[in-house]
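For reference, the structure discussed in these notes is given below.
None of the figures in this text is laboratory data; all of them are computed from the coordinates on show. Quick caveat: nothing in here was measured; it's all calculated off a predicted structure. In this analysis, Cβ positions are derived from the backbone assuming ideal geometry, glycine residues included, and neighbour counts consider all displayed protein chains.
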Amino acid sequence: MKLRTWSLGALLLLSTMHAWAAANCPAYPKEEWASEDTLKQALADEGYKIKKFKIDGNCYEIYGWNKEGKKVEIYFDMKTFVIIKAEVER
């Protein structure tokens, strides 16, 4: 019984840690990074409103709202702008 309780606790802890884990973006030399302004403009053109734009590790990260007005947190590859991780308010 103790092992089962411990296993459940460990599973809950890991799932919580996963939710807070940073995105795992590939690293590129700075001269290969795409322009922040290009990403900001592309998101604005798609109806996003950016509250905060920052560099987090090897990712561009935004906090803001999508065109439906839902809060978003999105991590982008710095070279290709591919979305690496996205969280959207439900």
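Label-to-label distance for I55 and D37 is 1.7 nm, based on points extended 7 Å past Cα in the beta-carbon direction. Remark: for residue pairs K30/K71; K40/K85; K49/K85, the C-alpha separation exceeds 24 Å in K30/K71.
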